[in-house]
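Report on the following structure.
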Amino acid sequence: MTQEIIYEGKAKIVYSTDDPNMVSQKFKDDATAFDGKKKGQIASKGVRNAAISTTLFKLLEERGIITQLVERTAEDTLLCKRLTMFPVEVVIRNYAAGSICKRLGFEEGHKMKKPMLEFFLKDDSLGDPLVTDAHIEELELLTRAERDEIEQLALKINETLTKFFAERKVLLIDFKLEFGKDSEGNIVLGDEISPDTCRFWDAETREKLDKDRFRRDLGGVEEAYKEMLNRVES
């Protein structure tokens, strides 16, 4: 049966499969930044992000976090459970970087007293704005129970990944998560965890090992993704 494109985003193409409860996600080498204003390609990014996400999702499954991953079916492709995604992104910040520095004046690299969790509305036309609990309630983006469960899951994920990366001499600065519901109504971690969706710094040199190298024209972009794959698989 020919696969049909369900959705094509900035970093992945989602295809239908013979099973209505499964989708196939193909990771792209395309790179975008600043709400799509900057575009380019990062060689082998799709393959590396698929590999990194696979390893990290399996790690989280071992820790009791339900993910949408079923298996890696090709170097750049994952078979995943089909989810109804929530219209919000969750960002966990262990250190200050990116938009929060501009928004609140933090110095880049400032270590948070405790992990900071923020929600952002998934709406490209609005620039994916930060939303408060009041906004979430008014717009009916999540129920109170869903919000509480997602927060608990996100913090557990952060605890697991922070330790995992510390053992590999990497600081997990901040990262984005997306959740959805499966056919049985379970809240499930979806999307990906990769240098596209996380900020990684070398713990000793503070060298950036993520998409910020593309965003800021720092060079060595492909090398950074390769280095992160090597550390994740070490």
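Yes or no: Glu204 over 18 Å from the mean Cα position of the chain (by Cα), surrounded by fewer than 23 Cβ atoms within 10 Å (Cβ to Cβ) and within 17 Å of Ala51 (Cα to Cα)? No.
Take the residues in the stretch 30-59 that are among the hydrophobic types (A, V, I, L, M, F, W, C) and touching a strand residue (DSSP E or B) at 6+ places or on another chain (Cβ under 6 Å); name whichever of them is modelled with the lowest pLDDT. Here the answer is Ala31. The residue pairs whose first member lies in the stretch 184-195 and is more than 16 Å from Ile157 (Cα to Cα), whose second member is among the β-branched types (Val, Ile, Thr) and part of a loop (DSSP other than H, G, I, E, B), and whose beta carbons are closer than 7 Å, counting only pairs six or more residues apart or on different chains, are Asn186/Ile66.
Of the candidates Asp196, Asp212, Asp148, Asp191, the single residue that is surrounded by fewer than 19 Cβ atoms within 10 Å (Cβ to Cβ) and outside the structural domain of Gln25 (by TED's automatic domain parsing) is Asp148.
When you check Thr162 against the structure, is it surrounded by 14 or more Cβ atoms within 10 Å (Cβ to Cβ), without any contact (Cβ under 8 Å) to a residue 40 or more places away in the chain and among the β-branched types (Val, Ile, Thr), yes or no?
no
Considered as a group, the residues in the stretch 1-21 that are in contact with a strand residue (DSSP E or B) (Cβ under 8 Å, 6 or more places away or on another chain) and exposed (fewer than 15 other Cβ atoms within 10 Å of the Cβ) include one that is nearest to Asp217 (Cα to Cα), and that residue is Lys10.
The values are calculated or read from the model by the stated rules, or taken from the named source; none is laboratory data. All values reported here derive from a predicted model rather than from experimental measurement. Don't worry about glycine lacking a Cβ; one is built from the backbone with ideal geometry, like all the others, and counts go over all protein chains shown.
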